[in-house]
Structure formats: structure tokens, C-alpha cells
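The values are calculated or read from the model by the stated rules, or taken from the named source; none is laboratory data. In this text the structure is predicted, and so the values were computed from the model without any measurement. Cβ atoms come from the backbone with ideal geometry, glycine included; neighbour counts cover every protein chain shown.
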Amino acid sequence: MEALAILAAAPTPADLKSIEAAGSAGYAYGLAAIGPALGIGFLVGKSVEAMARQPEAAGMVRTTMFLGIAFTEALALIGFVVFILLKFA
């Protein structure tokens, strides 16, 4: 019964601030993840197209593709760091 009373209690201003911070941090990370997702999709699609057009250059295209994916994924990791900073700041 005591647990239900705790759950039914109105949130304090500190709780509301924490809830708002979590919501805004999640929103920020969602926005930060959209760009890298689109970038990686475009990069892989164009790499496959290039490998289909010139199969003899597939090794070099694949290496360049993986480097591009790594750099693009770094943007998502930066967004995740911002998410953590907003959450715990």
C-alpha cells in the first residue's frame, strides 16, 4: 500500500526538472542520430553503385566506404555525448 501512495504522490519540482531534462536530452539525441543515419545510408548506397559499375575497384571503394562510415558514426557518438551531458548536467 505504501508503494502505491508513493506512486500516486504529485511529483516535486525537482522531479519535474529531471523529467524535462530527460525528455529534452532524448529529443536532442534523436535529432543528432538523424543526420548520421541518412549519411551512412547515402554513403553505402553510392558505394554499392560504384562497386556495381566498376567491380575491379571494389576493394578501394570498400575501404573508402568504411572510413566514411567511421567518420559519419563519430557524429552520432558526439550526439550521444551531448545527450549524456544534458541528462546529468
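Do we have T12 as more than 22 Å from F83 (Cα to Cα), at pLDDT below 85 and polar (S, T, N, Q) here? The answer is yes for T12. Summed over the range 56-74, the residues that are surrounded by fewer than 15 Cβ atoms within 10 Å (Cβ to Cβ) and either under 30 Å from G23 (Cβ atoms) or not small (G, A, S) (or both) give a count of 10. Quick check on the range 15-55: of everything there that is of a type in the set (S, T, N, Q) and surrounded by fewer than 16 Cβ atoms within 10 Å (Cβ to Cβ), which residue is farthest from K87 (Cα to Cα)? In this case the residue turns out to be Q54.
From the list F42, F80, exactly one residue is under 30 Å from A14 (Cα atoms) and part of a helix (DSSP H, G or I). Which is it?
On the way: F42 fails: under 30 Å from A14 (Cα atoms).
When all the criteria are applied, what remains is F80.
Does A57 satisfy the criteria of being modelled with pLDDT of 90 or more, of a type in the set (A, V, I, L, M) and part of a helix (DSSP H, G or I)?
Values: modelled with pLDDT of 90 or more: yes; of a type in the set (A, V, I, L, M): yes; part of a helix (DSSP H, G or I): yes.
Yes.
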